[in-house]
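The values are calculated or read from the model by the stated rules, or taken from the named source; none is laboratory data. Since the model is a prediction, treat every value here as computed from it, not as a measurement. Here the Cβ is made from the backbone with ideal geometry for all residues, glycine too, and neighbour counts use every protein chain on show.
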Amino acid sequence: MTAVRAVVAQIGSREHFLIPRALHRRGALVRLLTARYAPFGGGFADRLAQSRWKPVARVFAARHDELQRNLVTTLTLWDVAQRVWGPFRREWRSHYQSSILAGTAFARRVARLRLPAHNVLIAYSYAALELVEAERARGVFTVVDQIDPAQVEYEMVREEARRWPDFAMPPEEAPTEYFGRVRAEWDRAHLVVVNSEWTREALLSQGVPAEKLEVMPLAYEPPVPLPRPSMPPFRPLQVLWVGSANIRKGIHYLLQAAEMLQHEPLEITVAGTIGIRPERVRKAPGNIRWLGPVPRGRVDALYRSHHVFVLPTLSDGFAITQLEALAIGLPVIVTPNCGRVVHDGETGFVIPPRDASALADAIKRFVRDPTLVSYMAPRCIAAAQKYTVDTYARRLLRIIERRMMACPDLSAVT
């Protein structure tokens with residue numbers, strides 16, 4: 001069996017560079033190609049985020065100390081050009097048009113690079129097409145990591161905005177070529193990796209052959225071991241939301257549930273960028289506290305000071321926040337429309353999407369029986385420990401090796 005020698009191409013630091021880190025641990029990473037990679041580690045970005053240099057902190061957050069700088073090729077000049085001209089383009093181009101331009105430019109630029117010998121390319125959707133075509137022509141096994149449910153999710157959000165116009169504006173109209181581009185990526189790649197059964201089902205409904213798809217749940221490892229601390233007092237019950245507060249993630253159903261629970265001893269904290277109309281925030285029940293965006297360094301403290309995590313999402317590729325919560329010992333209330341890592345009744349509750357009453361009832365179960373949290377906490381931690389980077393790496397390599405053996409048109413050698 002030929003050893004996997006892989007190149008990974010990703011514009012940003014998606015999932016904290018999960019795929020290149022996983023491959024590097026198994027000695028299979030040849031090169032990471034990315035738009036930016038910070039020269040400094042050791043929490044430098046977190047310190048910037050607390051200073052007056054906050055606007056540039058995101059640039060310096062694009063790094064992981066596991067990946068030595070000599071393994072990374074950075075398209076610095078390309079990235080600078082994107083940042084200089086991006087604001088001007090956005091004045092007359094939509095988000096989707098800008099995404100097409102950036103993804104196309106990145107894939108074409110990477111396709112022209114001289115790379116070390118490799119036999120596998122892994123690239124992320126919407127920024128992969130030209131690179132996949134070039135690499136496949138060279139006899140390289142090509143993998144596209146699909147980051148979301150694509151048009152299925154877009155249509156769901158658009159329909160939800162029509163149903164709830166007082167909460168949010170409809171999303172921008174996606175041009176035909178936006179989803180046409182990602183369909184072409186699925187068609188050209190040897191393999192399409194998705195991070196949940198939910199996304200797999202969405203891609204099947206969009207015509208991707210079942211035999212081309214593999215499900216790879218994401219991984220999460222706390223930076224340090226995180227034993228569950230002594231729990232905060234249960235009166236009131238502390239309920240946590242982390243992530244963008246928008247209709248795709250079901251924030252409006254949490255607001256409805258909060259109204260139903262106004263006479264219960266509980267407080268709900270919403271941490272993340274607010275993506276609904278300001279008047280809906282002002283009219284929210286008094287048992288909701290809005291924090292807005294929270295620096296990464298404060299998120300663990302939020303998990304530790306709460307009892308239950310909620311994610312009533314309409315659609316998420318995976319939602320890494322549920323693993324972060326489980327790792328601390330927080331039970332999670334979630335819908336099935338994301339990575340299915342919660343075991344109903346053991347590590348939280350799985351509720352139907354678009355059902356505020358079911359969400360309120362699940363939260364109320366913890367109010368009525370606080371021992372549920374202490375019962376579920378060790379099971380939550382144990383569940384999260386199954387989603388390690390090493391487990392991800394072994395599964396990914398097994399899939400690629402098996403698929404390569406069955407693929408007749410490969411000629412690249414290490």
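Quick notes on this one:
- Those residues of segment 112-137 which are under 17 Å from PHE17 (Cβ atoms) and of a type outside the set (Val, Ile, Thr), in sequence order: LEU121, ALA123, TYR124, SER125, ALA127, ALA128
- Among (1) closer than 30 Å to GLU135 by Cα; (2) over 21 Å from the mean Cα position of the chain (by Cα); (3) surrounded by 20 or more Cβ atoms within 10 Å (Cβ to Cβ); (4) not assigned by TED's automatic domain parsing to the domain that holds GLY27 - the single one SER411 does not satisfy: (3)
- Qualifying positions in segment 112-139 - in contact (Cβ under 8 Å) with a residue 12 or more places away in the chain, among the hydrophobic types (A, V, I, L, M, F, W, C) and either assigned to a helix (DSSP H, G or I) or within 16 Å of VAL193 (Cβ to Cβ) (or both): VAL120, LEU121, ILE122, ALA123, ALA127, ALA128, LEU129, LEU131, VAL132, ALA134
- Across segment 178-213, the number of residues qualifying as of a type in the set (Asp, Glu) and either surrounded by 18 or more Cβ atoms within 10 Å (Cβ to Cβ) or at pLDDT below 95 (or both) comes to 1.
- Residue match in segment 9-17 (condition: of a type in the set (Lys, Arg), modelled with pLDDT of 60 or more and not in a helix (DSSP H, G or I)): no
- Filter result for PRO233 (farther than 23 Å from ARG365 by Cβ, at pLDDT below 95 and not hydrophobic (A, V, I, L, M, F, W, C)): no
- Looking only at residues in segment 355-404 that are closer than 30 Å to THR142 by Cβ and of a type in the set (Asp, Glu), the one that is surrounded by the most Cβ atoms within 10 Å (Cβ to Cβ) is GLU401.
- Test: residue in segment 189-200 that is assigned to a helix (DSSP H, G or I), more than 22 Å from the chain's Cα centre (by Cα), touching a residue at least 60 places away in the same chain (Cβ under 8 Å) and not assigned by TED's automatic domain parsing to the domain that holds ILE274: no
Condition check ((1) among the basic types (Lys, Arg); (2) closer than 23 Å to TRP198 by Cβ; (3) assigned by TED's automatic domain parsing to the domain that holds ASN337) across all residues:
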{"residue": "ASP355", "(1), (2), (3)": "no, yes, yes"}
{"residue": "ALA362", "(1), (2), (3)": "no, yes, yes"}
{"residue": "ARG365", "(1), (2), (3)": "yes, no, yes"}
{"residue": "ARG368", "(1), (2), (3)": "yes, no, yes"}
{"residue": "SER374", "(1), (2), (3)": "no, no, yes"}
{"residue": "LEU396", "(1), (2), (3)": "no, yes, no"}
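- Residues (surrounded by 12 or more Cβ atoms within 10 Å (Cβ to Cβ) and under 16 Å from VAL239 (Cα atoms)) located in segment 271-288: ALA271, GLY272, ALA284, PRO285, ASN287, ILE288
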